[in-house]
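Read through the structure below, which is laid out as structure tokens, and then see the notes.
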Amino acid sequence: MLKPKKKISKREIKEDRLVTTYFEAQSWFEVNRKRLGTIFTGVLIAAVAVWFYYNNLSTQNRAATADLGNILRYYDQAQYETAINGSPRENLRGLKQIVDEYGGTSSGKLAAFYLGNSYFALREYEKALEYYKEARVSDPSIMASVTAGIAACHETQANYVEAARTFERAAKDDEMKLHSAEYLYRAAQNYMMAGEPKKAEDILKSLKANYSQSPYAREADRLLVRASS
């Protein structure tokens, strides 16, 4: 006589599935252990490389900050050649060397802005433009000044339309609105020189409406007469 089959509980079914899954997973792991080890090692190496990169970047930024602080007194005194080339007698790196060695750091990019300004002051506009383009700083107000520097370089090259458009962008990017009126006025001037008085007129009207207390609003009146004539 056959014995009745034992009824399997739901709990036993779950446990059986769990055991099966465990052994399947273990089997897969054994088969793929070497590949997993390679992947893990690759991830670990990448993580270590990233850590070393950012740690080195932080160290370089501190060095760039110190060098920049030391040389800026020459920049502030309008001794631009010394600011650019440094002072071997005082063992001070110049702005150019700081940018060359630490250009990837935030302080190195700020040094590029001062280097662009220094070359512009010395009327070396091509070099000024080159370093302005390297100065990708995080501060919006400084970045607006960088953009204005690029615009001024275009102006010296008689690229008046490009200069005007770039001054407009500088005015827009100046979040603190410290120099927006000036940038708009310079944009209008360049549109005038480019033979586009209507664009100049529109900008000047915007300047007067939004920055009525600025000295450039009063200057705008005189330029408006020329633009509308």
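Every number in this text was worked out from the coordinates using simple rules, so none of it is lab data. Quick caveat: nothing in here was measured; it's all calculated off a predicted structure. A quick note on method: Cβ atoms are made from the backbone with ideal geometry, for glycine too, and the neighbour counts reach across all protein chains shown.
Rounded to whole numbers, the Karplus 3J(HN,Hα) couplings from phi for the stretch 190-204 are 5, 5, 4, 5, 7, x, 10, x, 5, 5, 4, 4, 4, 5, 5 Hz, using 6.51 cos²θ - 1.76 cosθ + 1.60 with θ = phi - 60°, and x at Gly and Pro. A cut-off of 5 Å between modelled amide H atoms, ignoring neighbours fewer than 5 places along the same chain, links Leu92 with Ser87.
At the listed q of 0.11, 0.13 Å⁻¹, the Debye profile of the stretch 55-138, built from one uniform point per Cα, gives log10 I(q)/I(0) equal to -0.24, -0.34. Figure legend: label point modelled 7 angstrom from the Cα of Arg73 along Cα→Cβ; residues of the stretch 90-133 with amide N under 20 Å from it are 90-98, 111, 114-115, 118. Listed peptides 85-94, 198-207, 184-193 appear in the order 184-193, 198-207, 85-94 once ranked by packing, highest mean of other Cβ atoms within 10 Å at the front.
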